[in-house]
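The values are calculated or read from the model by the stated rules, or taken from the named source; none is laboratory data. Quick caveat, the model's predicted, so the values are computed rather than measured. Note that we place each Cβ from the backbone using ideal geometry, even for glycine, and neighbour counts take in every protein chain shown. For accessibility, only protein heavy atoms count, side chains too; no ligands or nucleic acids. Shrake-Rupley method; radii C 1.70, N 1.55, O 1.52, S 1.80 Å.
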Amino acid sequence: MYAFDFEKPKTVAEAVSALAREDAMALGGGQTLIPSLKQRLAAPSALVSLTGIAEMRGVCTGDDGALCIGGATPHAVVAAEAAGKYPALAALAGNIGDPAVRNRGTIGGSLANNDPAADYPAAVLASGATIVTNTRRIAADDFFEGLFTTALEPGEIIVEVRFPIPARAAYAKFQQPASRFALTGVFVAKTAGGVRVAVTGASENGVFRWSEAEKALSASFSADAIAGLSVPADGMVGDLHGTPAYRANLVKVMTQRAVSAA
Amino acid sequence: MTKVTMTVNGRAVSGEVEGRTLLSTFLREGLGLTGTHVGCDTSQCGACVVHVDGKAVKSCTVFASDVAGAAVTTIEGMANPDGSLGRVQQAFQDHHGLQCGFCTPGMVMSAAALLAENPKPSEADVRHYLEGNICRCTGYHNIVKAVLAASGQDVSGVAAE
Ligand SMILES: Cc1cc2nc3c(=O)[nH]c(=O)nc-3n(C[C@H](O)[C@H](O)[C@H](O)COP(=O)(O)OP(=O)(O)OC[C@H]3O[C@@H](n4cnc5c(N)ncnc54)[C@H](O)[C@@H]3O)c2cc1C
Ligand code: FES
Ligand code: FES
């Protein structure tokens with residue numbers, strides 16, 4: 001690792017001003033950033049830890065009934081504290097990585113990183129959640145911009161994520177057994193406005209909505225409703241764990257499993 | 001360099017660290033607590049697991065400065081006050097839960113964190129919780145057996161397959 005200054009502000013305002021320094025970077029749980037610093041893939045002038053900011057940690061219910069999760073809340077806390085209100089989301093959080101990763105890794109770090117195989121992006125996109133930053137609110141549909149890319153500006157911090165609660169929801173993850181990331185994961189959410197289906201792990205462009213399935217499931221919420229659909233292999237990830245055609249098939253299979261579990 | 005202070009195994013300690021000093025480095029090189037092993041140094045293997053305020057974390061993937069003020073427990077803190085092996089450690093010895101021993105400090109710390117959360121885990125619970133701890137020797141069966149035994153459950157029917 002290259003040397004850097006370490007800062008641990010207590011408020012969002014202090015963090016924002018610390019991040020104004022040239023080449024300063026936010027540090028969430030460090031579960032992604034520290035390994036990449038070790039590989040010297042980044043050379044920040046300063047790391048600004050967000051984990052000491054009380055207003056960014058924890059789970060609560062908003063006035064509109066939404067589930068609000070502080071941007072620096074670890075996965076393990078979401079798994080424990082969202083279980084009553086949004087069980088599908090809590091189950092997703094409880095299956096990220098391993099216990100030590102869940103005790104440090106945060107929802108804000110996961111979303112800012114937007115790994116194409118990460119779990120949270122599927123939940124955020126399927127739920128139609130809102131990303132609240134220090135400057136604005138970003139709808140899930142506008143947040144994810146492809147591989148490791150998001151709508152966040154430099155120095156912008158994810159302060160909170162607000163999830164409206166769907167009537168029914170489930171996440172089905174086909175786990176890559178060595179990394180425990182999703183080889184393909186599908187989050188399905190049924191709301192008054194229709195059904196949303198978000199797929200992670202499969203596409204070369206990162207998380208996406210499968211609109212054909214959404215339409216079929218909005219008409220009839222059952223695994224059979226999408227039995228006749230298929231996903232083109234074009235643009236799907238191909239690697240030693242699975243071909244594009246294999247992943248395309250997994251998208252349908254995992255969607256059906258999620259619908260049956262919801 | 002800045003000064004960090006924390007509690008390690010019940011003792012207040014402090015030392016000079018850089019921003020980039022990892023907790024594992026601070027424990028091993030700063031405090032001489034070499035029981036915490038560094039296997040992969042890439043947050044994959046779990047050999048470096050310690051407890052920070054009671055929670056299992058990979059000490060190779062957290063900065064010492066980020067846990068200033070916290071209570072840290074390492075494998076050295078797992079023995080009984082008289083120096084004899086603690087409950088989880090003794091179960092690993094009794095049930096041959098280790099061979100070379102490299103993964104063992106992390107296994108014991110993860111197992112202890114599990115038992116604190118879930119005092120009577122099932123075999124499936126143990127296997128799920130230890131997913132982030134890799135062992136190249138034992139094949140895991142005796143580790144699982146040791147953890148179940150440490151929880152006070154009868155393991156006479158749990159065979160090493
Ligand atoms: C062994 C292992 C297994 C894993 N398995 C999975 C898995 O199964 N599924 C999965 O989804 N993930 C998995 N992960 C990734 C894990 O969930 C990470 O915690 C997560 O991707 C990054 O979160 P973090 O808080 O650690 O962020 P960091 O590593 O601290 O930061 C990542 C990036 O986000 C930025 N950032 C951090 N917080 C914020 C914020 N609040 N606002 C704006 N920017 C921010 C940082 O500047 C950095 O660029 C795994 C990681 C490991 C090490
Ligand atoms: S040394 Fe920390 S996880 Fe392997
Ligand atoms: S006992 Fe050798 S790695 Fe586990």
- Message: Could you check region B:46-82 and list, in sequence order, the residues that are open to solvent by 50 Å² or more (accessible area, probe 1.4 Å) and either touching a Gly at 6+ places or on another chain (Cβ under 8 Å) or within 13 Å of ligand 2 (Cβ to nearest atom) (or both)?
- Response: B:GLU76, B:ASN80
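Taking the criterion of being within 8 Å of ligand 1 (Cβ to nearest atom) and open to solvent by less than 20 Å² (accessible area, probe 1.4 Å), would at least one residue in region A:78-92 satisfy it?
Here is the first cut: in region A:78-92, the ones within 8 Å of ligand 1 (Cβ to nearest atom) are none.
Taking every residue of region A:78-92 in turn, none turns out to be within 8 Å of ligand 1 (Cβ to nearest atom) and open to solvent by less than 20 Å² (accessible area, probe 1.4 Å).
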- Checked against (1) open to solvent by 20 Å² or more (accessible area, probe 1.4 Å); (2) in a helix (DSSP H, G or I); (3) of a type outside the set (D, E, K, R), A:SER230 satisfies every condition except (2)
- Note on the structure: When B:LEU114 is run through (1) within 11 Å of chain A (Cβ to nearest Cβ); (2) in contact (Cβ under 8 Å) with a residue 24 or more places away in the chain; (3) open to solvent by 20 Å² or more (accessible area, probe 1.4 Å), the failure sits at (3)
- Output the number of the condition that A:SER49 fails; it satisfies all remaining conditions of (1) within 12 Å of another protein chain (Cβ to nearest Cβ); (2) over 21 Å from A:PRO154 (Cα atoms); (3) of a type in the set (Ser, Thr, Tyr). (2)
- Task: Scan region B:57-73 residue by residue and report those that are assigned to a strand (DSSP E or B) and at the interface with chain A (Cβ under 8 Å from one of its Cβ atoms).
- Result: B:VAL57, B:LYS58, B:PHE63
- Query: Do any residues in region B:26-46 that are assigned by TED's automatic domain parsing to the domain that holds B:VAL8 and free of Cβ contacts under 8 Å to residues at least 60 places away in the same chain have Cβ atoms under 8 Å from those of residues that are more than 15 Å from ligand 3 (Cβ to nearest atom) and among the charged types (D, E, K, R), where the two are at least six apart or on different chains, and which pairs are they?
  - Reply: B:LEU33/B:GLU76; B:THR34/B:ARG28; B:VAL38/B:ARG28; B:ASP41/A:LYS38; B:THR42/A:LYS38; B:SER43/B:LYS58
- Quick one: A:GLY70 ticks every box in (1) in contact with a helix residue (DSSP H, G or I) (Cβ under 7 Å, 6 or more places away or on another chain); (2) more than 16 Å from ligand 2 (Cβ to nearest atom); (3) within 14 Å of chain B (Cβ to nearest Cβ); (4) of a type in the set (Gly, Ala, Ser) except a single one, so which number is it? (3)
- Take the residues in region B:117-159 that are touching a residue at least 60 places away in the same chain (Cβ under 8 Å) and more than 28 Å from A:GLN176 (Cβ to Cβ), then tell me which one is farthest from the other protein chains (Cβ to nearest Cβ). B:VAL155
- Task: Go through (1) within 16 Å of ligand 3 (Cβ to nearest atom); (2) open to solvent by 20 Å² or more (accessible area, probe 1.4 Å); (3) within 14 Å of another protein chain (Cβ to nearest Cβ) one by one and return the number of the condition B:CYS103 breaks.
- Result: (2)
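Taking the options A:ASP5, A:ASP23, name whichever one is within 14 Å of another protein chain (Cβ to nearest Cβ), over 16 Å from the mean Cα position of the chain (by Cα) and at positive phi.
Details: A:ASP5 fails: at positive phi.
Exactly one residue qualifies, and that residue is A:ASP23.
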- B:CYS40 vs (1) within 13 Å of A:ALA100 (Cβ to Cβ); (2) open to solvent by 20 Å² or more (accessible area, probe 1.4 Å); (3) part of a helix (DSSP H, G or I): all pass except (3)
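Step by step: first the residues of region A:93-117, then only those that are among the small types (Gly, Ala, Ser) and not in a loop (DSSP other than H, G, I, E, B), then the one that is surrounded by the most Cβ atoms within 10 Å (Cβ to Cβ). Which residue is that?
Here is the first cut: in region A:93-117, the residues among the small types (Gly, Ala, Ser) are A:93-94, A:97, A:100, A:105, A:108-110, A:112, A:117.
Those still in the list that are not in a loop (DSSP other than H, G, I, E, B) too: A:93, A:100, A:108-110, A:112.
Numbers: A:ALA93: 28, A:ALA100: 31, A:GLY108: 27, A:GLY109: 26, A:SER110: 24, A:ALA112: 22.
By that ranking, first place goes to A:ALA100.
Condition (residue is over 22 Å from B:THR73 (Cα atoms) and more than 16 Å from ligand 1 (Cβ to nearest atom)) applied to region B:100-107: is it met by at least one residue? Walk me through it before giving the result.
Restricting attention to region B:100-107, the residues satisfying the condition of being over 22 Å from B:THR73 (Cα atoms) are B:100.
Those left that are additionally more than 16 Å from ligand 1 (Cβ to nearest atom): B:100.
Yes, region B:100-107 contains a residue that is over 22 Å from B:THR73 (Cα atoms) and more than 16 Å from ligand 1 (Cβ to nearest atom).
Looking at A:ALA112, A:ALA117, A:ALA126, can you tell me which residue is under 19 Å from B:THR61 (Cα atoms) and of a type in the set (A, V, I, L, M)? Before the answer, list the steps.
Values: A:ALA117 fails: under 19 Å from B:THR61 (Cα atoms); A:ALA126 fails: under 19 Å from B:THR61 (Cα atoms).
When all the criteria are applied, what remains is A:ALA112.
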- Name the one entry in B:GLY54, B:GLY83, B:GLY77 that is on the phi > 0 side of the Ramachandran plot, more than 13 Å from chain A (Cβ to nearest Cβ) and more than 14 Å from ligand 1 (Cβ to nearest atom). B:GLY83
- Item | The listed residue being within 12 Å of ligand 1 (Cβ to nearest atom) and over 19 Å from B:LEU115 (Cβ atoms), out of B:THR36, B:THR42 | B:THR42
- Message: Quick check on A:ASN134: is it open to solvent by 30 Å² or more (accessible area, probe 1.4 Å) and away from chain B (no Cβ under 14 Å)?
- Response: yes
